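The values are calculated or read from the model by the stated rules, or taken from the named source; none is laboratory data. Keep in mind that this is a model prediction, so the values were computed, not measured. A quick note on method: Cβ atoms are made from the backbone with ideal geometry, for glycine too, and the neighbour counts reach across all protein chains shown.
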Amino acid sequence: MKKTDINKTKNLRLRVLLAAAIILVTGIIIYSNSFDCSFHFDDYDHIVDNPKVNDINDVEAWWNYSKHRPLSMMTFVINYHFHQADVYYYHVVNLSIHIINSFLVFWLVYLFLSTPVTESYKLSKNKLLFSFTVAMFFVSHPLATQSVTYIIQRQAAMASLFYLLALCIYLYLRINNKTLIQNILGYSLAFTSFVIAVLSKENAYTLPVIIVLLEIFFFRKERFITLFKNYKTYLVLGGLLVAFILVFYRFGLAIFNSIPPSATSGTSVEITPINYLFTQFSVIAKYILMLFVPIGQNLDHAYPVSLSFFEPLTILSFVFLSLILAFSIFIYKRDRLISFAIIWFFVTLSIESSIIPINDVIFEHRTYLPSIGFFIAVLAGLYALLWDKNRKILFVLSFLPILIFSYMTYQRNKVWKTDFSLWSDVIKKSPEKPRAYLNRGMVYNSVGELELAFADYSKARELDSTFSEAWLNCGTIYGSWDKNDSALICFNRAVQINPNFKLARWNRGVIHGLLGNWEKAILDYNKVIELDKTFANVFYNRGVAFSNLSKWDMALKDFLKTVELNPQYPNAYFNCAVAYDNLGDMILAEEYYTKAILSNPNDIKIYFGRAVARMHNQKWQEALQDFDVVLQNNPNYPNAKTYYNLVISQMEEK
């Protein structure tokens with residue numbers, strides 16, 4: 001190699017390292033205030049309060065918990081194993097993934113401009129600078145916060161990481177002449193990366209389509225129409241068809257099932273594949289607008305479902321998107337990079353924004369991977385328009401937004417700081433969204449602000465009278481205020497709305513018990529057990545109900561089941577002992593009183609119960625010791641002194 005070539009290579013490496021360092025530092029700075037942002041929303045259900053991910057050794061539990069995303073779920077299992085609920089380390093992992101993705105975007109765009117088709121483009125002469133600019137847009141854009149700061153959405157970022165890695169490896173091997181062994185190893189690595197991506201999140205299934213498009217756009221110089229005269233094209237299309245069939249075989253046609261109205265997501269109408277598609281026309285248009293101007297970011301947009309294609313917003317959005325796609329086809333011959341970037345945007349959105357209904361019609365994290373195509377198309381368009389005419393304006397339009405986006409990202413992370421700040425922000429932007437009031441009410445509830453919590457729950461009910469969770473939470477607050485009749489009304493309404501609402505039935509059973517309606521309580525508990533046979537609370541409560549009806553054999557079965565499900569359940573061992581006591585089995589009663597003392601050594605009623613059992617078992621000395629404990633703690637404990645004296649007399653007779 002000539003000395004000049006060596007110097008060029010060294011210079012290129014230095015520039016790449018400098019670009020990577022800037023990307024790294026930028027990412028760290030703008031997300032530096034995210035490391036103490038709390039868990040939010042689905043984080044609790046899927047991570048913090050999810051026993052299936054709390055044991056790293058129970059592989060079957062956490063793997064099957066999220067069958068379609070087990071590998072991204074595995075990262076939460078590892079996080080929890082080492083750091084439990086210390087949110088700092090979860091954010092470190094999320095940000096690390098985002099920064100690695102930014103590096104991969106840098107590499108990917110550089111490879112796009114190194115292909116046979118683009119090597120003659122003017123842009124290719126500045127491909128390092130252009131790739132760096134795209135990566136900086138990606139790392140700094142505030143729409144990415146929902147994939148980075150929102151912990152559970154690591155799934156979107158992780159799928160993107162291995163998606164991008166597979167593409168980079170594929171393109172690198174296609175561009176460079178490698179040995180057979182290197183190709184085999186490289187393509188195997190790319191395929192493995194693809195598998196990891198699809199086991200992280202389902203939108204990675206679009207990767208085969210993108211690879212076909214890479215071949216069409218960047219490695220075939222002939223006209224588009226001539227591709228269909230080549231038998232290889234049909235082989236590729238046949239392969240894709242097989243891939244799609246396999247995907248549908250794995251997920252089943254149930255993915256196209258309509259979704260009923262849901263107060264949780266704020267939809268008052270059924271979401272069918274067709275009206276979901278109609279809605280996505282305007283949703284995608286909104287995504288594009290927010291990528292241009294990221295104002296009004298919202299965790300939980302209140303977005304109407306389109307019921308007809310002929311709604312004005314739907315038609316206008318369809319026309320807008322059609323024009324963009326038409327432009328992509330029109331510009332294909334002149335600039336395949338821009339054409340491909342536009343297609344990338346739509347293809348990578350297709351899983352979540354097409355005809356597969358999803359309960360929430362819009363979420364900002366869905367733009368994470370598609371945004372790469374958006375940034376490439378816009379920046380390449382600016383370059384084509386301004387490079388030869390006014391480079392100063394081009395640089396301003398390229399780098400000023402990065403500064404603005406970085407500031408907006410930093411500010412957006414402040415909103416994610418706490419549950420209260422996040423849901424207050426949602427209420428401010430979506431005041432008609434009942435779920436927002438429910439979640440803020442839960443925040444108030446968690447800190448003991450019951451009046452404020454009740455106000456938010458009531459507002460949620462006002463916005464949607466079929467919001468069963470809001471009725472449930474109002475009922476629990478009434479219960480904490482000892483307003484059992486009002487609580488019962490709320491729980492009745494929640495069950496009426498959703499007869500299979502486990503928590504509503506369980507709470508109604510508790511209120512029935514407090515009102516002395518034990519038979520009604522048992523009916524509710526029976527239904528809860530039918531719905532969930534692993535719910536320890538309901539077995540305990542039903543055992544209490546049976547106890548109050550003196551059905552001690554049935555009560556005992558429920559208390560033993562409670563202990564089986566949760567060996568640390570409060571008072572479960574004590575109630576087992578009481579049941580054995582009432583059934584006349586004093587040997588087992590004594591055994592379970594002892595177990596109860598081990599779990600709760602400060603409760604003197606347990607010592608009293610064991611003392612009585614020991615009396616029946618004629619263990620006078622041990623009984624005397626237990627009565628001593630009782631009387632030392634409470635000299636006036638009912639019957640304790642009488643039994644104590646009886647034990648003394650029995651010992652004297654012996």
- Note on the structure: The number of residues in segment 162-190 that are over 17 Å from Thr115 (Cβ atoms), crowded, with 21+ Cβ neighbours inside 10 Å and aliphatic (A, V, I, L, M) is 1
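Conditions tested, residue by residue: (1) closer than 30 Å to Asp464 by Cα; (2) touching a residue at least 60 places away in the same chain (Cβ under 8 Å); (3) among the hydrophobic types (A, V, I, L, M, F, W, C).
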site: Gly296; (1), (2), (3): yes, yes, no
site: Pro304; (1), (2), (3): yes, no, no
site: Leu307; (1), (2), (3): yes, no, yes
site: Glu311; (1), (2), (3): yes, no, no
site: Ser317; (1), (2), (3): yes, no, no
site: Ile324; (1), (2), (3): no, no, yes
site: Arg334; (1), (2), (3): no, no, no
site: Trp344; (1), (2), (3): no, yes, yes
site: Thr348; (1), (2), (3): no, yes, no
- Those residues that are aromatic (Phe, Trp, Tyr) and assigned to a loop (DSSP other than H, G, I, E, B), I need them from segment 94-125; list them, please. Tyr121
- Query: Can you name every residue in segment 506-517 that is surrounded by fewer than 20 Cβ atoms within 10 Å (Cβ to Cβ) and either in a helix (DSSP H, G or I) or touching an Asp or Glu at 6+ places or on another chain (Cβ under 6 Å) (or both)?
  - Reply: Leu514
- Task: Could you list all residues from segment 329-356 that are crowded, with 21+ Cβ neighbours inside 10 Å and either over 23 Å from Phe218 (Cβ atoms) or among the hydroxyl-bearing types (Ser, Thr, Tyr) (or both)?
- Result: Ser339, Thr348, Glu352, Ser353
- Task: Might you let me know whether segment 242-259 holds any residue that is within 23 Å of the chain's Cα centre (by Cα), modelled with pLDDT of 90 or more, over 21 Å from Thr348 (Cα atoms) and of a type outside the set (Lys, Arg)?
- Result: no
- Message: Checking Phe574 against (1) in contact (Cβ under 8 Å) with a residue 12 or more places away in the chain; (2) outside any helix (DSSP H, G or I), only one condition comes out false. Which one?
- Response: (2)
- Query: Which of the residues spanning segment 418-432 are among the basic types (Lys, Arg) and either in the same structural domain as Gln297 (by TED's automatic domain parsing) or surrounded by 24 or more Cβ atoms within 10 Å (Cβ to Cβ) (or both)?
  - Reply: none
- Task: Determine, yes or no, whether Leu185 is touching a residue at least 40 places away in the same chain (Cβ under 8 Å) and either assigned to a helix (DSSP H, G or I) or more than 30 Å from Phe41 (Cβ to Cβ) (or both).
- Result: no
- Which ones in segment 76-115 are over 30 Å from Leu18 (Cα atoms) and under 14 Å from the mean Cα position of the chain (by Cα)? Phe76, Val77
- Over segment 512-538, the set of residues among the charged types (D, E, K, R) and in contact with a helix residue (DSSP H, G or I) (Cβ under 6 Å, 6 or more places away or on another chain) is Lys520, Asp524, Lys527, Asp532
- Message: Can you list residue pairs whose Cβ atoms sit under 7 Å apart, with the first residue in segment 197-210 being modelled with pLDDT of 90 or more and the second being assigned to a loop (DSSP other than H, G, I, E, B) and among the basic types (Lys, Arg)? Count only pairs 6 or more apart in sequence or on different chains.
- Response: Leu199/Arg69; Ser200/Arg69; Lys201/Arg69
- Please name all residue pairs, on different chains or six or more residues apart, with Cβ atoms under 8 Å, provided the first residue is in segment 451-462 and is within 14 Å of Ala487 (Cβ to Cβ) and crowded, with 24+ Cβ neighbours inside 10 Å and the second residue is modelled with pLDDT of 95 or more and of a type in the set (A, V, I, L, M, F, W, C). Tyr457/Leu438; Tyr457/Ala470; Tyr457/Cys474; Tyr457/Ile477
- Message: Consider segment 379-406. How many of its residues are assigned to a helix (DSSP H, G or I) and free of Cβ contacts under 8 Å to residues at least 60 places away in the same chain?
- Response: 14
- Residues of segment 464-497 being buried (at least 20 other Cβ atoms within 10 Å of the Cβ), hydrophobic (A, V, I, L, M, F, W, C) and more than 14 Å from Arg508 (Cβ to Cβ), which ones? Phe467, Ala470, Ile477
- Tell me, please, whether a residue that is in contact (Cβ under 8 Å) with a residue 12 or more places away in the chain, crowded, with 18+ Cβ neighbours inside 10 Å and closer than 27 Å to His512 by Cα can be found in segment 638-649. no
- Within segment 300-308, is even one residue modelled with pLDDT of 95 or more and either among the hydrophobic types (A, V, I, L, M, F, W, C) or part of a helix (DSSP H, G or I) (or both)? no
- Would it be correct to say that Tyr540 is within 37 Å of the chain's Cα centre (by Cα) and among the hydroxyl-bearing types (Ser, Thr, Tyr)? yes
- Does Phe535 count as buried (at least 21 other Cβ atoms within 10 Å of the Cβ), in contact (Cβ under 8 Å) with a residue 12 or more places away in the chain and closer than 30 Å to Lys502 by Cα? no
- Item | Single residue of Ala85, Ala21 found to be part of a helix (DSSP H, G or I) and either at pLDDT 95 or above or not acidic (Asp, Glu) (or both) | Ala21
- Message: Scan segment 327-335 and tell me whether some residue there is among the β-branched types (Val, Ile, Thr) and outside any loop (DSSP other than H, G, I, E, B).
- Response: yes
- Sort through Leu631, Leu624, Leu646, Leu556 and tell me the only one that's under 50 Å from the mean Cα position of the chain (by Cα) and assigned to a helix (DSSP H, G or I). Leu556
- State yes or no: is Val48 within 20 Å of the chain's Cα centre (by Cα), more than 26 Å from Ser406 (Cβ to Cβ), crowded, with 16+ Cβ neighbours inside 10 Å and of a type in the set (Val, Ile, Thr)? yes
- Message: So for segment 277-293 (the condition being assigned to a loop (DSSP other than H, G, I, E, B) and modelled with pLDDT of 95 or more), does at least one residue qualify?
- Response: yes
- Query: Which of the residues that make up segment 37-63 are aromatic (Phe, Trp, Tyr) and either over 13 Å from Met73 (Cβ atoms) or modelled with pLDDT under 90 (or both)?
  - Reply: Phe39, Phe41, Tyr44
- Item | Out of Ile362, Ile393, Ile376, sole residue that is under 21 Å from the mean Cα position of the chain (by Cα), assigned by TED's automatic domain parsing to the domain that holds Ile97 and either farther than 21 Å from Val109 by Cβ or modelled with pLDDT of 90 or more (or both) | Ile362
- Criterion: among the polar types (S, T, N, Q), in contact with a helix residue (DSSP H, G or I) (Cβ under 8 Å, 6 or more places away or on another chain) and under 22 Å from Glu591 (Cβ atoms) - qualifying residue of Asn548, Asn541, Asn566: Asn566
